[in-house]
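Inspection log for the structure reproduced underneath, given as structure tokens.
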Amino acid sequence: MASIKDVAARAGVSVATVSRVLNDHPSVSADARTRVLAAVEALGYRPNAVARSLRTDQTRTLGLVISDVMNPYFTELARSVEEEARALGYSVIIGNADERPDLQDHHVTTLLDRRIDGLLVSPTDGGSPGMLDAARAGTPMVFVDRWIPGVDVPVVRSDGRGAVRDLVAHLYGLGHRRLAIIAGPAATTTGRERVDAFREALGAYGLPLPDAYIGQGDFQADSGRRVTEGFLDLAEPPEVVFAADNLMALGALDAVRARGLRVPDDIALAAFDDIRWFVHTDPPVTAIAQPTGALGRAAVRALVDRIEGRPGESVTLPARLVVRRSCGEPVPPQSPSPVRRSTS
């Protein structure tokens, strides 16, 4: 493998000149720059990233700690983060917290030890100690999707309240009046926010949200299955189950089918966090779609701004309702009966 000394010898310049060319320093003549770049290409030279990081105090690497890599939403988010980072000249190291605060702290500590330039985190709870310490120490950081109130870190997230209102309006228009929700963990901001938005939207139509119609899930399919079984055992089961997460919605669908019931004929189903799979379920699931790709790209740009000394801004993007067949078909308005003319 060629070294920087080999490049310098082939170009007929000093090692310092090669270094200045590679770091795009302006004090190099056009002729010397051309010869160095030609030598780099001919020898296939690749700069040593570790050595460069020691000189510049930057690794051009970002850390991303996501809540659950098995959740298709976070998989798509990670992909968009990696693509945007690469476009801006950064690499990404990903850690999966698996919804565990202790594992989240492990990844944060490991990433900081690797001298990443900045950190993107979707917090698993109200704040694990290692992550909070990193934020308070001034580590360039951005929260994405979830956040921790009171911590001075930019937040890139979607606002689902408008989409939840649209969902409830859609359900009300279909004639549904008993609506239940499978909630996410109360320790997460998204878990609390989605329940609050659902209750508020129901209230606009004078509909209650009884405690019996609020089931505590954990953003995993098993909890969606368990909570839905509880709803179905009620003396008066809900007409609609709204899962505050896509995996819980899949669990709910399993529970309904296990009882020999059908969606939407026997009970309707809707979800927060649209995923591609929902198009292929039977029936396709009505869902609230977050702008996942745009969130990932915005989060990277906000973090790079912080790394490069610019103020990283919080960003809120709207979510939208995607109507499919899992809540029922709209009832077409009936045409008035034809008026019969008297022949007498």
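Taken together, the values in this text are just the output of simple stated rules run on the coordinates, not laboratory data. Given the structure is predicted, the values throughout are model-derived calculations rather than measurements. Note that each Cβ is placed from the backbone with ideal geometry, even for glycine, and that neighbours are counted across all protein chains shown.
Among 241-247, 321-327, what's the highest-first ranking by average C-beta atoms within 10 angstrom per residue?
Packing proxy ranking, top to bottom: 241-247, 321-327.
Take every Cα pair under 8 Å in the chain that's 6+ residues apart, average their separations, divide by the length, and report that relative contact order as a whole percent.
Values: 633 pairs, mean separation 54.2, N = 344.
Relative contact order for the chain comes out at 16 percent.
Arranged by the count of other C-beta atoms within 10 angstrom, fewest first, what order do ASP265, ASP222 take? Kindly include the intermediate steps, with their values, before the conclusion.
Numbers: ASP265 9, ASP222 13.
So the residues, fewest neighbours to most, are ASP265, ASP222.
Going by how many other beta carbons lie within 10 Å of each one, how would you line up ARG146, ARG79, ARG157, fewest first?
ARG79, ARG146, ARG157
Mind checking which of ASP211, ASP145, ASP305 has the largest fluctuation in a GNM of the chain, springs on alpha carbons under 10 Å?
Of ASP211, ASP145, ASP305, the most mobile in the Gaussian network model is ASP211.
For helix 161-173, report the angle its Cα long axis makes with the longest principal axis of the Cα atoms of the chain; keep it between 0 and 90° and round to the nearest 10°.
For 161-173 against the chain, the angle is about 20 degrees.
Could you please rank MET70, MET131, MET141, MET248, placing first whichever residue has the fewest other Cβ atoms within 10 Å of its Cβ?
MET70, MET141, MET131, MET248
Please state the charge dipole magnitude for region 122-250, taken about the Cα centre, from unit charges on C-beta atoms (+1 on K and R, -1 on D and E), reported in debye and rounded to the nearest 20.
220 debye
If I build a Gaussian network model for the chain, linking alpha-carbon pairs within less than 10 angstrom, which residue out of ARG297, ARG310, ARG225 has the largest mean-square fluctuation?
Its mean-square fluctuation being the largest, the pick is ARG310.
Per the Kirkwood formula on distinct C-alpha pairs, the Rh of region 161-289 is how many angstrom?
That comes to 14.1 Å for region 161-289.
State the Cα centre-to-centre distance between region 212-247 and region 1-38 in whole Å.
Their Cα centres are 64 Å away from one another.
Expressed as an acute angle from 0 to 90° and rounded to the nearest 10, what is the orientation of the C-alpha long axis of helix 246-258 relative to the principal long axis of the chain?
That helix lies at roughly 40 degrees to the long axis.
Compute, for the chain, the length of the dipole vector about the Cα centre, with Cβ point charges of +1 (Lys, Arg) and -1 (Asp, Glu) only. Units Debye, rounded to 20.
Roughly 1080 debye, rounded to the nearest 20.
Specify the residue with the greatest mean-square fluctuation among ALA235, ALA201, ALA271, computed from a Gaussian network of the chain linking alpha-carbon atoms under 10 Å apart.
Highest fluctuation among the options: ALA235.
Using only Cα atoms, figure out Rg for region 91-148 and give it as a multiple of 2.2 N^0.38 Å.
The reported ratio for this selection is 0.99.
Given the Cα atoms of the chain, and with Rh set as the inverse mean 1/r over their pairs in the Kirkwood sense, what is Rg to Rh to two decimals?
1.17
So what J values fall out for region 296-312 if you push phi through Karplus, 6.51 cos²θ - 1.76 cosθ + 1.60 with θ = phi - 60°, rounded to Hz, Gly and Pro as x?
So the J values, rounded to whole Hz, are x, 5, 5, 5, 5, 4, 5, 5, 4, 4, 5, 4, 8, x, 9, x, x.
Rounded to the nearest 500, what is the chain's calculated 222 nm mean residue ellipticity when only DSSP H runs of at least 4 contribute -39500 (n - 2.57) each, over all residues?
Calculated from helices alone, the mean residue ellipticity at 222 nm is -13000 deg cm²/dmol.
Applying the Karplus parametrisation 6.51 cos²θ - 1.76 cosθ + 1.60 with θ = phi - 60° to the phi angles of region 104-118, what ³J(HN,Hα) value in whole Hz is obtained for each residue in order, glycine and proline being reported as x?
Taking θ as phi minus 60°, the curve returns 4, 4, 4, 5, 4, 4, 5, 5, 5, 5, 7, 6, 4, 7, x Hz for region 104-118.
Convex hull over the Cα atoms of region 4-47, averaged projected area in nm²?
2.5 nm²
Taking Cα pairs under 8 Å and at least six residues apart, what relative contact order does region 161-289 come out at, in percent?
That works out to 23 percent.
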